[in-house]
Every structure is written in C-alpha cells, then in structure tokens.
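Q: I'd like to ask some things about the structure below.
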Amino acid sequence: MRFFGRRPEPGEDSPTSSLAVPDAMGADETRSLDGLRPPDELQRVLARVHLPRTMEEEVRFLIEDGATSLGAVFGLPLLIDRGRMVLSTRVAGRCGSGLLQDASKLFGTDLGEFEFPLDEASRRMALLDGREVRSADRVAAFWGDVVPPPVCDAAQEAMDVHQVFALPLFTDEDLYGLYYIFMGKEQIPTEAVELYGVHVTLAVRNLVSVEEARALGEVDQVTWTANRTRFLELLDAETQRGLRYETPFAVVLAVFEDLKQFVDTYGQAMANRLLRSAAMAVGRAVRAPDVVARYDQDTLALLLPMADHKSAQEVANRAANVLGNIRVTIRAVTAQPVTAVTAVAAFPEDGRSRAQLLERAEAALAERRGKAVRAPASGDEQGRRVA
C-alpha cells in the first residue's frame, strides 16, 4: 500500500527562504530556519501551517501535507479532550483524510476514533509534561499499551516507517495534545521537527480555544475538572434536592498554602501542573457521584452527595493527605510539595442554602489558614479570576 500526500500547489508556495519564528514556549528570542538547514519544502510548509482553516482542515493538513513535507509517511495529531481526560483523534475522524483511512486498515482500528487514556501514570502524560520531542524506532514504543505490539510492528513494516516522532503541543500556559509523525527512510534533524512543532502549536492554539469554548464551557482549562460556574450550578441543584427530600450532602474546600510563592519559585506552568495533578489525584480518591471542581485560583471544591459532616471530614482528611504528597516535575525540575488545608460544610447543620454553606466553608478555611474571612461566595459575580 502506498502512502502519499498532496504536494504544495504553486500558488501556495512561499518565496520566503528564512522565517523568524515566535517560540511557543514563551521566550522572547526567535529562531531561524537558516541555522537548521531543513529541506526547502519545509520552509514552504511552515508558511502554509498558518493559512486560515477550520479545525478539521488544519488537522487534515497535519495528517497529510504537513507530515509528508518532512519526508514522513503521515502524521496523527491527538488533541486533549479535557472533559474526558483522554487524548483523542475525534477531529481527525471528521476531516476525511484518505491517509488516515489507509493507516486505520493496517492498525486494525479506526484511527479517527482513537483514544489514549491520559492519567498521571501514563506515558502520554510523561511526554506532555516533559515538553520535549521524543523519537523511537518502533511505533509500539508509543502505542504498545493501546494497540498490541505485534499489530504495531506489522503496520510499521507495511507502511515502511523507520522512525516515529512524538511532538508535545504546548505553550507556557497550556497543553494541547501530542502530534505523532511517522517517518520513512528520509532522515530529518530533531531540531527541524521541534521547529515544525512550534508552528503547529501556534496554528492549533486558537482553533482549540474556539472548539473548547463551544464544547467545554463547563470545564476549567487548567485542572480539566468542572469550573466554578458548573460547581455552583450543581450545588444549587443539590441544595434544592436536600430541601425537598431532607437528604444530606456536604461541600469540601481544599486550598494550597502559599501557591503564590510556588509560582514565584517555579513558574506558572509548574503551578498549573500542580493544580491539574491535584485535581486528578483527588478525583481518583472520591466516589463516582462526587464532583471535583476548580473553585478559586488556588482552591479545589468537592461536592459530596449523601455525605454527612463526619464522612465529609474523612474525605477532606484524605484529600489533604493526597494533596500534600504531590510532586510535579517539568524538564527534570521537581518542585517541593505544597501543604494543603481543607474545610467542610454540611447540609443541613452548617446551612440550608448555597450562600450559607459556602460562607461557612470559607470561614473555616480562612480560620485554618490564619487569614481574614473573604466575602461570602453567594454567586458567580464574586469576581474571582479562573486562569
């Protein structure tokens, strides 16, 4: 089976021989193609990466022309589905790529409906957090825990793939996904692949933001849990249920002490990683009906249906222990753990309305932190910024 992509049309070629590239990692410096000496076609494709497209058109470009311009067989971008904690090819499945269909037959699975679990222990999360381009001689080195290694090996041989690159798509502020590039016999410097990855990240960043704003309006973009607005909606519903049926429930607030100092020491990217790791760890430590949410800049919230004050306190203690033992690493730098403080408010003994419960929980939290009580969070208009 022959894999190939469409070559650039004459009107699409860029006369530019050297491109100054903004660094997606947030540095002020620029990088030029001249020092990397990539193939001439790569110089053209970098300009074409940024042409106006829909998300589906951009992903098809990355599967076909973008990858083949590097001498690759094809590429496969997997974007983070924050609502479900997976890396997904759902957009790729909508783009109608013939290359993707051919590859799906060889791998024995629909790569347009492909998903990788994204948890703290997964190799994908390690790739994302490492934020460096990685390569391997075998596809199974990256996919072997989802697709059986013998299937990976057979597909690789049929496609004549000699090397696979995994490109994390990221900026200082956020993670967007992983882009796998399946190379043929042609060799290309890792530096050129990194440069291409910078362009790809910048191209998909705004498209991803638009898609997620439409599809994930209830998901916090840092922790990938329910955002504050969604938490308050669920708390309202649980309060109404409690008033009608006299069923207990509880709210737990968990805050990191001195998160600002953590940011000053390690940077915002590491702090975001800490918050995301914390939310995922707490999510694994609670029951399925319980809700974990980003409540404030440095605070997580738990909504525990059918929990009384005693059982909620047990959950709070467990959460504080989990949070206090989280260590995050980016680029071989491991941050010191941060102490977490928790507080509980239970219905009906601590309040019979959303405002009363949150006021009680915030007061208890402030007392434990030794700080002044903040204004009661009676609604979304409290104005706390969610990064």
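Q: As an exercise, use a Förster radius of 51 Å and the Cβ-Cβ distance of ARG244 and GLU186 to find the FRET efficiency, rounded to the nearest 0.05. Could the numbers behind the result be given before it?
A: Numbers: r = 67 Å, r/R0 = 1.32.
So, using R0 = 51 Å, E works out to roughly 0.15.
Q: So, one more: Quickly work out the ARG327-to-ARG84 label distance, labels modelled 7 Å from Cα along the C-beta direction, and quote it in nm with one decimal.
A: With each label placed 7 Å out from Cα toward Cβ, I get 3.4 nm.
Q: Here's a follow-up. Would you mind checking which residues have amide H under 5 Å from VAL73's amide H? H placed 1.01 Å from N; only 5 or more apart, or other chain.
A: Answer set, sorted by chain and number: PHE182, MET183, GLY184.
Q: Arranged from highest to lowest average of other beta-carbon atoms within 10 Å per residue, in what order do the peptides 273-279, 181-187, 130-136, 345-351 appear? Can you show the working numbers first?
A: Details: 273-279: 23.0, 181-187: 17.1, 130-136: 15.6, 345-351: 19.7.
Per-residue Cβ counts within 10 Å, averaged per peptide and sorted highest first, yield 273-279, 345-351, 181-187, 130-136.
Bear in mind these aren't lab numbers, they're just calculated from the coordinates by the rules spelled out. Here the structure is a predicted model, which is why all the values come from computation and not from measurement. A quick note on method: Cβ atoms are made from the backbone with ideal geometry, for glycine too, and the neighbour counts reach across all protein chains shown.
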